[in-house]
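Asker: Please read through the structure below; I'll follow up with questions.
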Amino acid sequence: MTRKGKVMQLAFAFGAAALLAGCGDGDVQEVRDWMKQVERETVPKVKPLPEPKEFVPYAYHPGEAVEPFSEAKLLGEMARMAATSTDPLQPDDSRPREVLEHYPLDVMRMVGTLQKGGASYALVQIDTQIYRVRAGQRIGQNHGMVTRISEGAIDIRETVQDPTGDWVERKATIELAESKETGK
């Protein structure tokens, strides 16, 4: 082995010995004593729990009050909420209804379209009557408005109440009815 190799080996041995000397017990006992002292002197501060509130059951007498799950109570509450609502989608019930607002959409059949004066109209049949419908016109019993008329369908935007009483918009369509003679 060369002299340089021996020096390196000796330096390595001293370094390892120095590292091992640092791993001794040292001040560990001092730290343990301090931790025990702090543990003895520490007193936890816990607020006492408040006294529980007294539960007073509600006495329900069926003959004297409205049934809690009755439809009348639900409808009354929905009417009260609707009267105080500031929902922008809520329809105006005070405006006069148009003729086609008295019929549900499922009794209407689109039987054709026509162009007059640059405007598109759809022809809707209810029973034996034919009605001319244009975009922007009110239709159906769910506050519907015709949004678009194409060759094959009438697109409608309805405003209805969801189960929570909020007013929401939904889309509906009346498609062109097939003719029995032509099969179209």
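Rundown of residues vs (1) aliphatic (A, V, I, L, M); (2) touching a residue at least 12 places away in the same chain (Cβ under 8 Å); (3) closer than 18 Å to residue 155 by Cβ; (4) exposed (fewer than 11 other Cβ atoms within 10 Å of the Cβ), yes/no style:
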{"site": "94", "(1), (2), (3), (4)": "no, no, no, yes"}
{"site": "103", "(1), (2), (3), (4)": "no, yes, yes, no"}
{"site": "109", "(1), (2), (3), (4)": "no, yes, yes, no"}
{"site": "115", "(1), (2), (3), (4)": "no, no, yes, yes"}
{"site": "118", "(1), (2), (3), (4)": "no, no, no, yes"}
{"site": "133", "(1), (2), (3), (4)": "yes, yes, yes, no"}
{"site": "137", "(1), (2), (3), (4)": "no, yes, yes, no"}
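Asker: Quickly run through segment 93-149 and pick out the residues that are of a type in the set (D, E, K, R), assigned to a loop (DSSP other than H, G, I, E, B) and within 23 Å of residue 160 (Cα to Cα).
Answerer: 93, 95, 97, 98
FYI, it's all coordinate maths here, none of it is from the lab. Given the structure is predicted, the values throughout are model-derived calculations rather than measurements. Counting neighbours? That spans all protein chains shown, and the Cβs are built from the backbone with ideal geometry, glycine included.
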